[in-house]
Amino acid sequence: MIALSVNLNKIALIRNSRDTANPDIPQHAQMCIDAGADGITVHPRPDQRHIRVRDCFELAAMLAVEFNIEGNPMTGPRRSDRTGVDDYPGFMALVKEIRPTQCTLVPDSDGQLTSDHGFDLRRDGERIAPLVQELQALGIRTSLFMDPNPEQILLAAQTGTDRIELYTETYARAFRRGENLDAAFQQFVRAAEVAVDAGLGLNAGHDLDLDNLPHFATISGLQEVSIGHALIVDAIRMGLASTVAAYQRALGKS
């Protein structure tokens with residue numbers, strides 16, 4: 001069965017709009033788990049505009065399900081200029097201290113609104129491979145955020161990573177517009193085949209929602225989806241527990 005990991009960044013973004021601890025991040029993580037989520041994902045960025053350093057430690061202390069931390073491994077330490085917000089220790093330092101179940105490496109820059117492309121391992125492979133090995137030596141499963149490009153996926157396998165996470169924006173856009181959907185979908189089918197043949201585990205995420213997820217979930221070899229923005233938007237309308245259950249049904253679970 002395909003695991004559902006709920007990304008809590010947007011919950012944290014709501015909290016950060018006020019000087020408050022409400023909504024409480026661990027509490028909402030537990031609500032997702034109680035509703036059937038298989039894991040929790042966070043993507044702490046250096047400006048801590050949503051998930052913050054302390055959130056990561058609080059979640060690590062209470063989670064009994066898979067914990068996935070995403071981020072750019074090249075991001076170093078930053079001093080906070082906001083009262084009450086912890087300094088950012090650097091992504092690799094944070095992950096090494098917490099030791100989550102899974103670490104998803106993502107090539108996003110500080111100024112990006114959201115992740116919008118996978119790694120170019122022709123350029124970055126020699127830098128990424130040692131980082132993968134560092135994480136694996138600590139017992140952390142590694143995943144690389146990748147476009148559905150077979151050549152790049154084969155380069156990902158050469159880094160020694162355990163999994164890749166396919167960046168699904170092109171599929172979601174084609175589904176939303178009703179244009180070239182089959183061609184976009186087949187790109188991901190082929191990418192999944194290449195990944196599985198190369199011995200890689202397969203995750204996916206970005207703009208997956210209740211409408212486009214059931215079709216995407218038919219891709220053979222898919223092990224996990226990480227969903228945040230759409231799920232939290234749906235939760236405003238449906239309630240968090242009902243929404244998590246709806247996404248599990250979209251993945252084919254009763």
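The residues of the range 194-217 that are over 21 Å from the mean Cα position of the chain (by Cα) and not hydrophobic (A, V, I, L, M, F, W, C) amount to a single one, 197.
Per the conditions (1) touching a residue at least 24 places away in the same chain (Cβ under 8 Å); (2) not in a helix (DSSP H, G or I), the sole criterion not satisfied by residue 218 is (1).
Somewhere in the range 133-156, is a residue without any contact (Cβ under 8 Å) to a residue 40 or more places away in the chain, in a helix (DSSP H, G or I) and of a type in the set (Val, Ile, Thr)? Within the range 133-156, none of the residues are without any contact (Cβ under 8 Å) to a residue 40 or more places away in the chain, in a helix (DSSP H, G or I) and of a type in the set (Val, Ile, Thr). Out of curiosity, is residue 18 farther than 24 Å from residue 209 by Cβ, out of contact with any Pro (no Cβ under 9 Å at 6 or more places or on another chain) and modelled with pLDDT under 95? Yes: the conditions hold for residue 18.
May I ask you to verify whether residue 184 is in a helix (DSSP H, G or I), small (Gly, Ala, Ser) and in contact (Cβ under 8 Å) with a residue 12 or more places away in the chain? It is true that residue 184 is in a helix (DSSP H, G or I), small (Gly, Ala, Ser) and in contact (Cβ under 8 Å) with a residue 12 or more places away in the chain. In the set 191, 246, 195, only one residue is surrounded by fewer than 21 Cβ atoms within 10 Å (Cβ to Cβ), assigned to a helix (DSSP H, G or I) and either on the phi < 0 side of the Ramachandran plot or at pLDDT below 95 (or both); that residue is 246.
Can you find a residue that is without any contact (Cβ under 8 Å) to a residue 60 or more places away in the chain and buried (at least 18 other Cβ atoms within 10 Å of the Cβ) anywhere in the range 2-11?
Step one: filter the range 2-11 for residues without any contact (Cβ under 8 Å) to a residue 60 or more places away in the chain, giving none.
There is no residue in the range 2-11 that is without any contact (Cβ under 8 Å) to a residue 60 or more places away in the chain and buried (at least 18 other Cβ atoms within 10 Å of the Cβ).
With respect to (1) outside any loop (DSSP other than H, G, I, E, B); (2) under 24 Å from residue 140 (Cα atoms); (3) of a type outside the set (Ser, Thr, Tyr), the lone exception for residue 100 is condition (1).
Against the condition under 20 Å from the mean Cα position of the chain (by Cα), buried (at least 19 other Cβ atoms within 10 Å of the Cβ), part of a helix (DSSP H, G or I) and of a type in the set (A, V, I, L, M), how does residue 231 come out, does it pass?
Details: under 20 Å from the mean Cα position of the chain (by Cα): yes; buried (at least 19 other Cβ atoms within 10 Å of the Cβ): yes; part of a helix (DSSP H, G or I): yes; of a type in the set (A, V, I, L, M): yes.
Against the criterion (under 20 Å from the mean Cα position of the chain (by Cα), buried (at least 19 other Cβ atoms within 10 Å of the Cβ), part of a helix (DSSP H, G or I) and of a type in the set (A, V, I, L, M)), residue 231 qualifies.
Counting only residues that are under 23 Å from residue 249 (Cα atoms) and either in a strand (DSSP E or B) or among the β-branched types (Val, Ile, Thr) (or both), the range 57-71 holds 4 of them. Scanning the range 130-157 for residues that are exposed (fewer than 13 other Cβ atoms within 10 Å of the Cβ) and either in contact with a Gly (Cβ under 9 Å, 6 or more places away or on another chain) or not aliphatic (A, V, I, L, M) (or both) returns 130, 139, 151.
The residues of the range 29-56 that are in a helix (DSSP H, G or I), within 22 Å of residue 95 (Cβ to Cβ) and touching a residue at least 60 places away in the same chain (Cβ under 8 Å) amount to a single one, 32. Would you point out the residue of the range 55-80, among those that are of a type in the set (Val, Ile, Thr) and more than 14 Å from the chain's Cα centre (by Cα), that is modelled with the lowest pLDDT? So, considering only residues that are of a type in the set (Val, Ile, Thr) and more than 14 Å from the chain's Cα centre (by Cα), the one modelled with the lowest pLDDT is 75.
The values are calculated or read from the model by the stated rules, or taken from the named source; none is laboratory data. Computed from a predicted structure; not experimentally measured. Counting neighbours? That spans all protein chains shown, and the Cβs are built from the backbone with ideal geometry, glycine included.
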